[in-house]
Every structure is written in C-alpha cells, then in structure tokens.
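Accompanying notes for the structure given below.
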Amino acid sequence: MEATELLKTNQYLAFKLEAEIFAFDISKVREVLEFETVTKVPQTPEMMKGVINLRGSVVPVIDLRIKFGMGEAQKTVNTVIIIIEIDLDDESTMLGVLVDSVKEVIDLDTDHIEPPPSIGTQLNTDFIKGMGKQDDNFIIILDIEKIFSSAELEAVQKAGQEDSMEAAS
C-alpha cells in the first residue's frame, strides 16, 4: 500500500446505542472495560453515572445515551465503558463513556465518509465528524472533543476531582 493510501484510511472503534452505530477515532480510545460498579457522585449532571477507579485514578463515567436523549442505558452483558482521552483546557483528561456494546475496530477510507448532514440551524451537529458507510449501514462518526460542552466537561472533571480528594482524606 502506498503512503498516500495509508493517509486516506482511518481506524474507528464502532459501538452501538440502541440500534444506531456510532464510532470514535481509535487514537482517542485508551481501553474498553466491562461495566461494573460506578460510584455515584452527588449533585452531578444526570448524564454522569459516577466515577470508577482505573488503576488508582478517578475517572468520570458519562452515559452517552442520556447525553444524546435516548434514555438511560440498561445494564446487559454487552454494556461497556469506553475509556477515551480528551483535551480540556490544554490538559489531557480521561473520561469513561457508557455504551450499549462495542462492535469492532473498523477501517474507513475517506472515500466512504460523507460530511455530516445539514439539518438547518436548529440542531447542533458540530459533534458529528461525518457519516461513514460500511456495507449497507451508516456509522455516525463522532468528534469526541465536541460532544460535550466545556461547561459540562468542567462539571464532570470537578466532580471527579472532589471524589478523589474525599477518597484521599
């Protein structure tokens, strides 16, 4: 494969929320964990399920179904937490994203990715990088950095920091 062809292929981690397939750029994904116990943090946004201990670090967990207005996730054997790394105020932050199930890592050529649909000015689609096509399925490729507003991320990060301070005392 030529170098120019390599630049045109991107890898994504595909996952499901209800019947829809979404994907994150694989470079932002750190790991996938089985959904276990999450410690609830009081007075946090509804989408924040709580925090988990990931090798000594407190990581906030967000229910992506609630964020997207799909209702709360029901725990099944397939429910997982995808650990992603995002930039917040020039600082790298770990965040857990609760999803229904992980499908696979997929390679998508840029030829198979279309721009996000234009839905007018009423709906914000800035968090959608594009629409991938694989077989007969559409895959909604998400821009991790734009899914959450900075205010939401700061609230989640603050809650995680408060919980880790309480654990330390």
Q. Name the pairs: first residue in region 28-50 and touching a residue at least 12 places away in the same chain (Cβ under 8 Å) and within 17 Å of Ile147 (Cα to Cα), second residue in a loop (DSSP other than H, G, I, E, B) and among the hydrophobic types (A, V, I, L, M, F, W, C), Cβ to Cβ under 8 Å, at least 6 apart or on different chains?
A. Met48/Val41; Lys49/Val38
Q.
So Ile82 passes all but one of these: (1) surrounded by fewer than 17 Cβ atoms within 10 Å (Cβ to Cβ); (2) under 22 Å from Glu46 (Cβ atoms); (3) modelled with pLDDT of 80 or more. Which condition number does it fail?
A. (1)
Q. Is it the case that region 8-19 has a residue that's modelled with pLDDT under 90, surrounded by fewer than 17 Cβ atoms within 10 Å (Cβ to Cβ) and farther than 30 Å from Asp136 by Cβ?
A. no
Q. List, please: which pairs have Cβ atoms under 6 Å, are six or more places apart or on different chains, and start with a residue in region 74-98 that is within 17 Å of Glu34 (Cβ to Cβ) and end with one that is polar (S, T, N, Q)?
A. Asn78/Ser101
Q | Failed criterion for Arg65 (all others in (1) in a loop (DSSP other than H, G, I, E, B); (2) free of Cβ contacts under 8 Å to residues at least 60 places away in the same chain hold) | A | (1)
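The values are calculated or read from the model by the stated rules, or taken from the named source; none is laboratory data. Since this is a predicted model, take the numbers as computed values, not measurements. No Cβ is skipped: glycine too gets one built from the backbone with ideal geometry, and neighbour counts run over all protein chains shown.
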